[in-house]
Amino acid sequence: MPQQSNHSAMHQAQQLALAPFAFQTARIMRDQGVLAALFTKRRKGLTTEELVQATGLSTYAVETLCEGGLAFGLCTQEGDRWLITRTGLCIDRDALTRVNMDFTQDVCYEALFHLEESLLEGRPAGLKALGDWPTVYEGLSKLPEPAKSSWFAFDHFFSDGAFRAAHRILLEEQPPTRLLDVGGNTGRNAIALCGRSDTVQITIADLPGQCALATPNLAEHGLSERVHTHPIDLLDPESELPTGFDAVWMSQFLVCFSKVEIVSILERARRALKPDGSLWILDTYWDQTENEVAAYCLQATSLYFTAIANGNSRMYSYADTKKCIELAGFRVVELHTGLGHAHSLVRCVPA
């Protein structure tokens, strides 16, 4: 058992026991402008009365939030003045924290009440908080607001941060003529890659609803002739990917499937490749992160897949993913870590 004092253990236990109180207090202080007001006067702070004037909240609301903020490390008190802490500053100003908090509130918060049910039954029992679909992927284009905006903001924040570095590696080492983007979603990866290569031809393979979202985005960027869509449900083991590609690309995709499903999808990806082609997997692995903050984020949000997305996948470790890669008849030839926000890029070739 790791060394930890009784006091430290008890404090951490209470932080977990009362976590919903801390989360909602932090979110409301952010959304109601309390933290922003404190930031503007971060050197000398604000009195309760000044916060009332700055936010339009009642005296009771300001006092209650700020006293909660003391417990949760969002603010401190010096005399009659409230001052923002570095943690409060992160809640209000940090992009990673904001996208995580919005995703938690708008997509996951209510649904996580059904996490235990999801674990016991192997299905996304919490998805009913958002809509009536077997998995979240069938319903992405129909998610209610603000869940839809927060879902895509979360997805794009992490992928966008890694695309530039990953595309540079791809184009420097093995520039493809034909690339199959499996799970290409709204076309964001294809658009970014076409911006770096004038010659690559891309096919996006994804659910019909996702292809429908991608089509107008591609047209808007003048890519309708270079990027095509291939509607497919890869949960159907009989569905086959198109063939003859120099490269198959998967970005933040395999986390959406169980290990058995991953092996099946990778086997079909192998058949989609030319004999000398490569499979490129861009994903987040908690055992390849550079710091504890990144690992914490991945391990925590992994439970979204259990309660909401599909009920049988998670943020996998690289060790687990490598086993699936090898079972599918590939071998890893390169691993690039530290891309974007804790991403790794894996290049595989048929074994």
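The values are calculated or read from the model by the stated rules, or taken from the named source; none is laboratory data. Keep in mind that this is a model prediction, so the values were computed, not measured. Reconstructed Cβ throughout: ideal geometry from the backbone, glycine too, with neighbour counts over all protein chains shown.
Condition check ((1) of a type in the set (Gly, Ala, Ser); (2) at pLDDT 95 or above; (3) under 16 Å from Ser258 (Cα atoms); (4) not assigned by TED's automatic domain parsing to the domain that holds Arg164) across all residues:
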position	(1), (2), (3), (4)
Trp280	no, yes, no, no
Glu290	no, no, no, no
Ala309	yes, yes, yes, no
Ala319	yes, yes, yes, no
Cys324	no, yes, yes, no
Within segment 139-152, restricting to residues that are surrounded by fewer than 18 Cβ atoms within 10 Å (Cβ to Cβ) and modelled with pLDDT under 95, the one that is farthest from the chain's Cα centre (by Cα) is Lys142
Long-range neighbours under 9 Å by Cβ, at least six apart or interchain, first residue at positive phi and in contact (Cβ under 8 Å) with a residue 40 or more places away in the chain within segment 242-254, second charged (D, E, K, R) and outside any loop (DSSP other than H, G, I, E, B) | Gly244/Arg178; Gly244/Lys274; Gln252/Asp155; Gln252/Asp283
Assess whether Ala219 counts as being free of Cβ contacts under 8 Å to residues at least 40 places away in the same chain, within 19 Å of the chain's Cα centre (by Cα) and in a helix (DSSP H, G or I).
-> no
Among the numbered conditions (1) in a helix (DSSP H, G or I); (2) at pLDDT 95 or above; (3) farther than 15 Å from Leu89 by Cα, tell me where Ala9 comes up short.
-> (2)
Across segment 278-306, the tally of residues that are free of Cβ contacts under 8 Å to residues at least 40 places away in the same chain and closer than 17 Å to Glu326 by Cα stands at 0
Any residue in segment 12-27 that is exposed (fewer than 15 other Cβ atoms within 10 Å of the Cβ), aliphatic (A, V, I, L, M) and not in a helix (DSSP H, G or I)?
-> yes
What strands (runs of 3 or more DSSP E), lying completely within segment 75-183, carry at least 1 residues that are under 30 Å from Thr25 (Cβ atoms)?
-> 75-78, 81-84
Could you list all residues from segment 97-121 that are surrounded by fewer than 17 Cβ atoms within 10 Å (Cβ to Cβ) and either at pLDDT below 95 or of a type in the set (A, V, I, L, M, F, W, C) (or both)?
-> Phe113, Leu119, Leu120
Search result, residues across segment 42-86 that are within 30 Å of the chain's Cα centre (by Cα) and crowded, with 17+ Cβ neighbours inside 10 Å = Leu65, Gly68, Gly69, Phe72, Leu74, Cys75, Ile84, Thr85
Is there any pair linking a residue in segment 106-123 that is outside the structural domain of Ala147 (by TED's automatic domain parsing) to one that is among the charged types (D, E, K, R), with Cβ under 7 Å and at least six apart or on different chains, and which?
-> none
Filter segment 304-315 down to residues that are out of contact with any strand residue (DSSP E or B) (no Cβ under 8 Å at 6 or more places or on another chain) and outside any helix (DSSP H, G or I), then give me how many there are.
-> 5
Within segment 194-203, track down each residue that is in contact with a His (Cβ under 6 Å, 6 or more places away or on another chain) and either buried (at least 23 other Cβ atoms within 10 Å of the Cβ) or part of a loop (DSSP other than H, G, I, E, B) (or both).
-> Arg196
Pairs with Cβ under 8 Å, 6+ apart, first in segment 54-80 and of a type in the set (S, T, N, Q) and modelled with pLDDT of 95 or more, second crowded, with 16+ Cβ neighbours inside 10 Å and in a strand (DSSP E or B) = Thr76/Trp82; Thr76/Leu83; Gln77/Leu83
Between residues in segment 150-173 that are closer than 15 Å to Thr104 by Cα and residues that are of a type in the set (S, T, N, Q) and assigned to a helix (DSSP H, G or I), which pairs lie under 8 Å by C-beta distance while being six or more apart or on different chains?
-> Ser150/Gln105; Phe154/Asn100
